[in-house]
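Worksheet: the structure to be examined is printed underneath.
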Amino acid sequence: MSTEIRTANVIAIGNQKGGTGKSTVSVHLAAALGLMGQRCLLIDLDPVCGATRHLGVQANDFAGTLELLTSDEPFEGYIVSKDMPPGVDLIPSRPQLSELDSRLSALAVRGPHAPAGPRHRGCSRRV
Ligand SMILES: Nc1ncnc2c1ncn2[C@@H]1O[C@H](COP(=O)(O)OP(=O)(O)OP(=O)(O)O)[C@@H](O)[C@H]1O
Ligand SMILES: [Mg+2]
């Protein structure tokens, strides 16, 4: 029996200054990697939701990175695959991600099982 070892690289794109091309680079890099035969999971961690919108997903249509970071649910349930470029999947963002600091502070006080935000309702669920 052979055991396939799969590895993944993490590429983080950030810049404190606005309008410097973070979202554009993220989306185009993911699409280019997809065209090269790689599988790329694009995780939008910006409450401005530039990459999410760039890929045609309305911010607030889906639970995404806010729920991913404030729940115990597996990440697979937050992946949007429909209508994405070849090889690309997305975990979207929504503006409420700006509440992350206060949500995490509340979790630290109340414990990890306190309810936070919209319910997790299965793959690519609407909020
Ligand atoms: N290489 C480039 N050449 C010219 N224009 C670009 C380039 N990359 C991005 N832009 C343009 O610059 C603007 C800002 O890009 P983008 O939204 O990707 O920046 P951002 O850093 O994600 O901004 P924000 O901080 O608001 O999230 C957009 O209008 C985009 O089309
Ligand atoms: Mg952006």
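What follows is calculated from the coordinates using simple rules that are stated; it is not laboratory data. As the structure is a computational prediction, the values presented were derived from the model and not from experiment. In this analysis, Cβ positions are derived from the backbone assuming ideal geometry, glycine residues included, and neighbour counts consider all displayed protein chains.
Figures for the structure shown
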{"quantity": "Listed residues Ala51, Ala59, Ala108, most fluctuating in the chain (Gaussian network, C-alpha, under 10 Å)", "calculated": "Ala108"}
{"quantity": "Shape of the stretch 22-110, Cα gyration tensor, a/c cut at 1.5", "calculated": "prolate"}
{"quantity": "Value at 222 nm in deg cm²/dmol, rounded to 500, when DSSP H runs of n ≥ 4 in the chain each add -39,500 (n - 2.57)", "calculated": "-8000 deg cm²/dmol"}
{"quantity": "Highest-first arrangement of 77-84, 12-19, 63-70, 38-45, where packing means the average Cβ count within 10 Å", "calculated": "63-70, 38-45, 77-84, 12-19"}
